[in-house]
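Step one of this worksheet: look at the structure below.
The values are calculated or read from the model by the stated rules, or taken from the named source; none is laboratory data. All figures in this text were calculated on a predicted structure; none of them were measured in a lab. As a convention, Cβ positions derive from the backbone with ideal geometry for all residues, glycine included, and neighbour counts pool all protein chains shown.
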Amino acid sequence: MQLLLLRHGEATNNVTPPEEARFGEHELTARGMAQVEQFCQHYNQEDQILDQRDAQLKGLLSKVDYAYSSPMLRALQTTRIVHQNLTLPPVEFHPSLMEWGGPVELDPEDQERKVRGLNDQQLQDQFPFLRLPAPEKLSNGWWDNQPKESPEEVWARGKELLNLLRSRHQSEEVVLVVSHLWFINVLRQHVLANDFNYGWWETDFISMNNAALSICEVVAPPSYHLAWNPV
């Protein structure tokens, strides 16, 4: 399986000073929407305009067999732009692709506030291309005020998700995932079969700009590389 990992475009949380409130559900900024559109436009160019590596990546993007999106608003808005501009199958809404910690909302004193996330009707209205779980699972919002995750919990979530993808998809399939910087790094750790150690993010963290794309080979030997990293 070739796993394409796309980080969402710039969102309001990416430009929010730390001394201000960090809200749980952030929308793409105008710049973030432009970043994703630029990504799509680049890979919609004729092959002869692209260099060899980008032409190969365009080929992968043109034959995505399955796509998944984080349930967080900035990722869904990114997925919508990609779905509108590139040839994608229906996209599965997958809560396990959320960012580390989920959409926990903090006030200026770092006190958590309750956040529910979009519910089934909001998701159907705004993102009709999504494959959604049963409505009753989303009636109170996909997050429904869960507590913030620990490092061990997000590590376990990443392992479980990668195992699910391996069980669902054949080695020759191309799978696109739209997610977030920290969780993409968690998936990378599992693709490379690294063991958990507290503080791994301080020594083995790959920086990705907004709307960057990474490619993972989820076969032996596994590999990871950053393929598109806009400024």
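The table that follows gives values for the structure above.
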quantity: Residue match in segment 68-86 (condition: assigned to a helix (DSSP H, G or I), of a type in the set (A, V, I, L, M), in contact with a helix residue (DSSP H, G or I) (Cβ under 7 Å, 6 or more places away or on another chain) and at pLDDT below 90); calculated: no
quantity: Candidate set from segment 141-200 (those that are of a type in the set (S, T, N, Q) and under 21 Å from E217 (Cα atoms)); member that is nearest to the chain's Cα centre (by Cα); calculated: S179
quantity: Considering residues of segment 116-152 that are modelled with pLDDT of 90 or more and aliphatic (A, V, I, L, M) only, the residue surrounded by the most Cβ atoms within 10 Å (Cβ to Cβ); calculated: L138
quantity: Matching residues, segment 37-61, being within 29 Å of H26 (Cα to Cα), assigned to a helix (DSSP H, G or I) and of a type in the set (S, T, N, Q); calculated: Q38, Q41
quantity: Qualifying residue in segment 166-177 (condition: in contact (Cβ under 8 Å) with a residue 24 or more places away in the chain, more than 29 Å from Q52 (Cα to Cα), of a type in the set (D, E, K, R) and surrounded by fewer than 19 Cβ atoms within 10 Å (Cβ to Cβ)); calculated: yes
quantity: Filter result (under 13 Å from W100 (Cβ atoms) and either outside any helix (DSSP H, G or I) or hydroxyl-bearing (S, T, Y) (or both)) within segment 153-209; calculated: S179, H180, F205
quantity: Unmet requirement for T16, which otherwise passes all of (1) touching a residue at least 24 places away in the same chain (Cβ under 8 Å); (2) over 20 Å from I215 (Cβ atoms); calculated: (1)
